[in-house]
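Below: one structure, written as structure tokens.
The values are calculated or read from the model by the stated rules, or taken from the named source; none is laboratory data. It should be emphasised that the depicted structure is a prediction, and the values quoted were computed from it without experimental measurement. No Cβ is skipped: glycine too gets one built from the backbone with ideal geometry, and neighbour counts run over all protein chains shown.
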Amino acid sequence: MTLIKSMTGYGRAVETVNGREFTVELRSVNNRYLDCSVRLPRMVSFAEDAVKQAVKASVSRGKVDVFISVRSEAGDEVVVNLNKAVLESYLAAMRQMVADYGVQDDISASAVSRLPEVFTMEKPQVDEEQLQKDLLQVVAKALEGYDAMRCTEGAALDRDLRSRGQTILDLVAQVEAGNRQTVVDYRARLEAKLKEVLANTAIDEGRILTEAAIFADKVAVDEETVRLRSHLQQMNNMLTGGGAIGRKLDFLLQEMNREANTIGSKCTDVRLARIVVDIKAELEKIREQTQNIE
């Protein structure tokens, strides 16, 4: 079963591979699209695109920040060597300067070390392909923890959305029952009013039926409630199917709100209008939660 996932999550992995300790952290927040940024040391900067591709394979939406640090063994660091030929040339020139010009002989190691090219730095050869492979191994571990957290939050969102969907269905049932009663009450009021106006004159039952039918058609919400029920069932089906459904839910909620607004415009009864307000409030809560779904 494919679960829905939250867009917010955190994952971390620390692992030593081939003498290097890799630390990978991922954290994400809501975002309309996938926006992945990677911060990593210069020595592995060439792997930035590979890391982004690894994230993209697991995440479809959200702002994801990846932080990577690498600690190497001493032998992997830059080696500093003394350039003896250059140093000896400097010393010979300095001694000649002392002999020829009588200046103070204050040659010191600290002074000489600041001269250009006295030292050479030797960087070890790095197998970039292997280094990238080692790094991605740890990135995969961090993604596992990150996904596990998102799945846990996704399960909580699933339960909440289904619960709110059921609440809306219960409220819709109240609206449907109340709507039918509204027509009955209208006919009773209409008949009483006609009796009052016409006094002893016989009441035209046909007219009452016609007026009641016109009113019933005007306030009927059957089509809207049927569509709203259908949308809620579709939401449950999407939750069951799982995967990246956040955008689809956004569009579906727009349709639900449209039906709720139409129902509200047709409800003339104050009690029913309050129920519609409750339906809209639940839809708004669903919308807020949907913003967290990948």
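Considering Val66, Val44, which residue is outside the structural domain of Arg247 (by TED's automatic domain parsing), in contact with a helix residue (DSSP H, G or I) (Cβ under 9 Å, 6 or more places away or on another chain), among the aliphatic types (A, V, I, L, M) and modelled with pLDDT of 95 or more?
After ruling out the rest, the residue left standing is Val66.
Scan segment 49-71 for residues that are surrounded by 16 or more Cβ atoms within 10 Å (Cβ to Cβ) and farther than 29 Å from Leu3 by Cα and jot them down.
Val70
When you go through Leu143, Leu82 one by one, which is the residue that is within 20 Å of Cys36 (Cβ to Cβ), among the aliphatic types (A, V, I, L, M) and either out of contact with any Lys or Arg (no Cβ under 6 Å at 6 or more places or on another chain) or touching a residue at least 60 places away in the same chain (Cβ under 8 Å) (or both)?
Of Leu143, Leu82, the one residue that is within 20 Å of Cys36 (Cβ to Cβ), among the aliphatic types (A, V, I, L, M) and either out of contact with any Lys or Arg (no Cβ under 6 Å at 6 or more places or on another chain) or touching a residue at least 60 places away in the same chain (Cβ under 8 Å) (or both) is Leu143.
Give Ala202, Ala216, Ala273 a once-over and let me know the one that is part of a loop (DSSP other than H, G, I, E, B) and modelled with pLDDT under 90.
After ruling out the rest, the residue left standing is Ala202.
Answer yes or no as to whether Ala111 is out of contact with any strand residue (DSSP E or B) (no Cβ under 8 Å at 6 or more places or on another chain) and more than 22 Å from Cys151 (Cβ to Cβ).
yes
Take Arg247 and decide whether it is in the same structural domain as Leu157 (by TED's automatic domain parsing), in contact (Cβ under 8 Å) with a residue 24 or more places away in the chain, more than 19 Å from Arg287 (Cα to Cα) and part of a helix (DSSP H, G or I).
Spelling it out, it is not the case that Arg247 is in the same structural domain as Leu157 (by TED's automatic domain parsing), in contact (Cβ under 8 Å) with a residue 24 or more places away in the chain, more than 19 Å from Arg287 (Cα to Cα) and part of a helix (DSSP H, G or I).
Say whether the condition of being within 20 Å of Leu26 (Cα to Cα), assigned to a helix (DSSP H, G or I), in contact (Cβ under 8 Å) with a residue 24 or more places away in the chain and hydroxyl-bearing (Ser, Thr, Tyr) is met by at least one residue in segment 89-103.
no
So is Gln166 among the polar types (S, T, N, Q), modelled with pLDDT of 75 or more and surrounded by 15 or more Cβ atoms within 10 Å (Cβ to Cβ) or not?
For Gln166, the condition - among the polar types (S, T, N, Q), modelled with pLDDT of 75 or more and surrounded by 15 or more Cβ atoms within 10 Å (Cβ to Cβ) - is not met.
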